[in-house]
1. Would segment D:125-135 turn up any residue that is over 19 Å from D:VAL20 (Cα atoms), in contact with a Gly (Cβ under 6 Å, 6 or more places away or on another chain) and of a type in the set (Ser, Thr, Tyr)?
2. Could you look through segment C:8-35, keep only residues that are at pLDDT 95 or above and among the hydroxyl-bearing types (Ser, Thr, Tyr), and pick out the one that is nearest to C:HIS91 (Cα to Cα)?
3. Which one of the conditions (1) touching a residue at least 60 places away in the same chain (Cβ under 8 Å); (2) buried (at least 21 other Cβ atoms within 10 Å of the Cβ) does A:HIS91 fail to meet, given that it meets all the rest?
4. Would you please name the residue that is nearest to the other protein chains (Cβ to nearest Cβ), looking only at residues in segment C:27-62 that are in a helix (DSSP H, G or I) and within 19 Å of C:SER106 (Cβ to Cβ)?
5. For segment C:70-84, give me the residue count where each residue is more than 8 Å from chain E (Cβ to nearest Cβ) and under 12 Å from C:VAL107 (Cβ atoms).
6. Just the residues that are surrounded by 20 or more Cβ atoms within 10 Å (Cβ to Cβ) and either within 9 Å of another protein chain (Cβ to nearest Cβ) or not β-branched (Val, Ile, Thr) (or both), please, taken from segment A:94-111.
7. Would it be correct to say that B:ALA46 is in contact with a Leu (Cβ under 7 Å, 6 or more places away or on another chain) and without any contact (Cβ under 8 Å) to a residue 60 or more places away in the chain?
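The values are calculated or read from the model by the stated rules, or taken from the named source; none is laboratory data. Model, not experiment: these values are computed from the prediction. We place every Cβ from the backbone using ideal geometry, glycine too, and count neighbours over all the protein chains shown.
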6 protein chains.
Amino acid sequence: MTAAAQTLSHVDEANRPAMVDVGAKAVTRRTAQAQARVRFPPEVAAQLHRAGHVTTKGAVLTVANIAGVMGAKATAQLIPLCHPLALDHCHIDITMQGDDALVACSVSCQGRTGVEMEALTGASVAALTIYDMCKALSHDIVIAEIRLLGKTGGKRGIDHGAGPAA
Amino acid sequence: MTAAAQTLSHVDEANRPAMVDVGAKAVTRRTAQAQARVRFPPEVAAQLHRAGHVTTKGAVLTVANIAGVMGAKATAQLIPLCHPLALDHCHIDITMQGDDALVACSVSCQGRTGVEMEALTGASVAALTIYDMCKALSHDIVIAEIRLLGKTGGKRGIDHGAGPAA
Amino acid sequence: MTAAAQTLSHVDEANRPAMVDVGAKAVTRRTAQAQARVRFPPEVAAQLHRAGHVTTKGAVLTVANIAGVMGAKATAQLIPLCHPLALDHCHIDITMQGDDALVACSVSCQGRTGVEMEALTGASVAALTIYDMCKALSHDIVIAEIRLLGKTGGKRGIDHGAGPAA
Amino acid sequence: MTAAAQTLSHVDEANRPAMVDVGAKAVTRRTAQAQARVRFPPEVAAQLHRAGHVTTKGAVLTVANIAGVMGAKATAQLIPLCHPLALDHCHIDITMQGDDALVACSVSCQGRTGVEMEALTGASVAALTIYDMCKALSHDIVIAEIRLLGKTGGKRGIDHGAGPAA
Amino acid sequence: MTAAAQTLSHVDEANRPAMVDVGAKAVTRRTAQAQARVRFPPEVAAQLHRAGHVTTKGAVLTVANIAGVMGAKATAQLIPLCHPLALDHCHIDITMQGDDALVACSVSCQGRTGVEMEALTGASVAALTIYDMCKALSHDIVIAEIRLLGKTGGKRGIDHGAGPAA
Amino acid sequence: MTAAAQTLSHVDEANRPAMVDVGAKAVTRRTAQAQARVRFPPEVAAQLHRAGHVTTKGAVLTVANIAGVMGAKATAQLIPLCHPLALDHCHIDITMQGDDALVACSVSCQGRTGVEMEALTGASVAALTIYDMCKALSHDIVIAEIRLLGKTGGKRGIDHGAGPAA
């Protein structure tokens, strides 16, 4: 998915921050899926399992789920050059895989630009909330990975000469 | 740092979300340090290196730095059960380590509870911003790890019977 | 308007929070009207009347009106599973009815989902602001009722099998 | 608790909005408790009871609880003349009483002004969220009452000549 | 551009705040350009020039640029009667003109109302940030002017009987 | 008030954005006063005067006043490197001076850093709101000046070697 050949020659001479102008792009249905993996030390995972994934702060996965949805909606306020988008849907699903909590975040909208950052931000805020709900148990919890799983709705190559359209 | 022996027996019978009451804790100087690692595919890392870490959206590390500071300040609005804290300082330092960008975020305040979540949130928002600044080059960029490096200012065992004080 | 026969059988097996996906709904003009009633103790109502509804904090109804409009615009940030919507209009009208202040909030947009929550939130924030502007006079002020008055623009039965479309 | 004798004579001649200056007040522990009552039509209450208070949008009371805590933290952004306060604690407890959901919100901080508005706002946002979670079942749900239950930490009469300190 | 003949006779009898209803307006491409001028005392301008416009807080113009873009996106949260708009683009360009920093802010969207306030707010927040980045050098820095340069996309006279469409 | 002799030699080698660490500063009462001047074309000023400074959007100066107070409270969310501060007071007074509206904003808090940016931001948001309330009359309205009038509570020279303490 990488674009080794892409040049960076059109950069503003002062290297100043610049939002992409999406005014000429078509409004299409855009979707994106991202995931975050929260890794618990084995004894913490076992302890959480025995407790039904509830800590003194409440039901870990439920609180994280809600925080993730609200985080996805806050993306354009957090990421400086992101466009504000009216999301049609944000769904977060958190499951346990061995000692890990796996956060999957799917986002969709009708818009002129993709929703990758919304999906990644939703997954990240959910993962941070899992950490917060469990940190009294251990500070060795790690968010082990946040990555994009897929996206649809943009035109390949239309933005920057290569790669999935931004 | 884990607290295998800690029990979860004091959980509210309805498992409802519950903020920790920090009213009886002492105001002390609290610090925390967290890091996030952003992993670029090798050809993307090489391309960024040649371009001075500037993309069509601007100077990647500078924009990420600012976003991280603002993200740390927004922590209590993002993480449902976090306490609002008046931060004295938030410093973000981003360096390249091989093909990775390494975000270090240090936070301090005078308060009744720790600033781990502020440090982790600052690092996460900076990492997400790096992704956003570079996503036109590749969607194979991964946030490979977000973790706490250290914290000071809380009393061990004061909160939940074990582990680093929250 | 109630839907006694509606079943809740499609609930996610984990009972996790889930935003409604509105991506397949039509964009139509949506309107909603809500009201909030703030009840003053008689002597406070009389005192406010003599003072032209001005307290040491300013003109009560005007400040509440503005707060209500801004509150309506903040709905998607406050209510976890609400969709962000670009409102075309929010109008707040506050009148005195006997000892009560009656807040009427009308909202409209072109969108894929209704604006009930925006109307209710606008009315609520206006009512809370009335309380704040007058609380030095009495803490026996009560927000006596917040309710939806009407809505247009959704299709009956299209969402959940019964009742006004959400 | 009302202050019939209080005069409004010190009002700014232009009736302009004016925040209270709390700079000369003592920092003390402040608490406040508020409640909101959400009234369901009987058949909706019965339906929710049978479903374990879960709708297609998730566990009603849990989502409302979290929204209420976040709402209490957002008070100074919503109510124009409220002071920003670093809350030590916000606890929300929601119980069913017959056909009603009863939201109790307790807030505390160490500060120069009371936390009534935070308690009332937390209760209100939780109540609005209950409405949102259930509105596909009925739009005849009503928030029947929002009121202050108690407060501690201010000095009677210190603010405006009468009534509980603001 | 002024509309001397416009009457104010249709004002609500209570002079209450009222958002304009844009529901009947056409969705068109809207653009606006604004500028802000920050005036430095000559010795401060000289000092900044020698330092490459970097202070102890970082690269002045870059931080201001980012803050301006984020400020433009926050317009509807700051200006009470502004409509929320999904911006397609916000570009900020800051140049030095003699002893002044000149901020140019261009905004565009597809919407039912103009983006003047977004352009003006973006320019203002960038100018305030320049002040903040440099205030350790002098408090005699002044934001000497903020003005609209142009706008397109509205219909003359359609809104209020005269003047550029709002 | 300028500090011509101040050097910029302590700049981070990478010129990266850096918040000032205020953790070692004393908590003192801090105040700041700023003003903004909004210049109306003469015929617009005359028209506003005849209309009692009310437009179709409501009472201009009252809405601007409230927006300014809320803007001052939002300073740390708008200006990237500002510290969050719990303001004790923000007072905005707007008067007409010939054809100009003059916004005076006074802010105070007990804190470790000054409140200049809060006073300047409050004045700026009030001025922008005046523009928004009147822009249907003319787009030749200009914010002619935003400046700091005074500040107290910091120690001269403690921060950066010269000039008023930041």
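1. We begin by selecting, within segment D:125-135, every residue over 19 Å from D:VAL20 (Cα atoms); these are D:125-135.
Still in the list and also in contact with a Gly (Cβ under 6 Å, 6 or more places away or on another chain): D:125-126.
Then keep just the ones that are of a type in the set (Ser, Thr, Tyr); that gives none.
No, that holds for no residue.
2. Restricting to residues being at pLDDT 95 or above and among the hydroxyl-bearing types (Ser, Thr, Tyr), the top hit is C:THR31.
3. Single failed check for A:HIS91: (1).
4. Within segment C:27-62, the subset in a helix (DSSP H, G or I) is C:42-50, C:60-62.
Keeping just the survivors that are within 19 Å of C:SER106 (Cβ to Cβ) gives C:61-62.
Numbers: C:LEU61: 7, C:THR62: 6 Å.
Only one residue fits best here, namely C:THR62.
5. Within segment C:70-84, residues that are more than 8 Å from chain E (Cβ to nearest Cβ) and under 12 Å from C:VAL107 (Cβ atoms) number 3.
6. First, the residues of segment A:94-111 that are surrounded by 20 or more Cβ atoms within 10 Å (Cβ to Cβ): A:94, A:101, A:103, A:105-109, A:111.
Within segment A:94-111, A:ILE94, A:ALA101, A:CYS105, A:SER106, A:SER108, A:CYS109, A:GLY111 meet the criteria.
7. Values: in contact with a Leu (Cβ under 7 Å, 6 or more places away or on another chain): no; without any contact (Cβ under 8 Å) to a residue 60 or more places away in the chain: yes.
No: the conditions fail for B:ALA46.
Per-residue answers, yes or no, for (1) among the acidic types (Asp, Glu); (2) buried (at least 21 other Cβ atoms within 10 Å of the Cβ); (3) at pLDDT 95 or above:
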site	(1), (2), (3)
A:PRO42	no, no, yes
A:LEU48	no, yes, yes
A:GLY52	no, no, no
A:VAL63	no, yes, yes
A:VAL69	no, yes, yes
A:ALA72	no, yes, yes
A:LEU78	no, yes, yes
A:LEU81	no, yes, yes
A:LEU87	no, yes, yes
